[in-house]
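To start, the structure itself, in structure tokens.
The values are calculated or read from the model by the stated rules, or taken from the named source; none is laboratory data. All of these numbers come straight from a predicted model, not from anything done at the bench. Here the Cβ is made from the backbone with ideal geometry for all residues, glycine too, and neighbour counts use every protein chain on show.
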Amino acid sequence: MPKLRVLSGKDVVAILETFGFAVERQRGSHVKLRRLQNGARQTLTIPLHTELDKGTLRAIYHQILRYIPEKDIRLHVYTE
């Protein structure tokens, strides 16, 4: 069974930037990423912690799935 990778907030931001998201702003330890896709604005907020808790990473993953197909993002977040 695949397991979640150990990722930092910066790792997640770097992964999302490869899918066209760009940092819009940062407030404290959270960064807001945004991209325009087919005329729709897509926004994600990521905490910039050194190591994300598994529950937090899982919640971020489910939010990402609203915008990016699972087959494209799964290998970045889970081990196979």
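Okay, residues lined up against (1) within 16 Å of Ser8 (Cβ to Cβ); (2) without any contact (Cβ under 8 Å) to a residue 60 or more places away in the chain; (3) in contact with a Ser or Thr (Cβ under 8 Å, 6 or more places away or on another chain):
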{"position": "Ser29", "(1), (2), (3)": "yes, yes, no"}
{"position": "Lys32", "(1), (2), (3)": "no, yes, yes"}
{"position": "Leu36", "(1), (2), (3)": "no, yes, no"}
{"position": "Thr56", "(1), (2), (3)": "yes, yes, no"}
{"position": "Ile60", "(1), (2), (3)": "yes, yes, no"}
{"position": "Tyr67", "(1), (2), (3)": "no, yes, no"}
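Yes or no, residue by residue, for (1) of a type in the set (Gly, Ala, Ser); (2) assigned to a strand (DSSP E or B); (3) surrounded by fewer than 11 Cβ atoms within 10 Å (Cβ to Cβ):
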residue: Lys10; (1), (2), (3): no, no, no
residue: Leu16; (1), (2), (3): no, no, no
residue: Arg25; (1), (2), (3): no, yes, yes
residue: Leu36; (1), (2), (3): no, yes, yes
residue: Thr45; (1), (2), (3): no, yes, no
residue: His49; (1), (2), (3): no, no, no
residue: Gly55; (1), (2), (3): yes, no, yes
Study note, to complete from the structure: Apart from one, (1) at pLDDT 95 or above; (2) closer than 23 Å to Val6 by Cβ; (3) exposed (fewer than 14 other Cβ atoms within 10 Å of the Cβ) all hold for Glu80; the odd one out is (1)
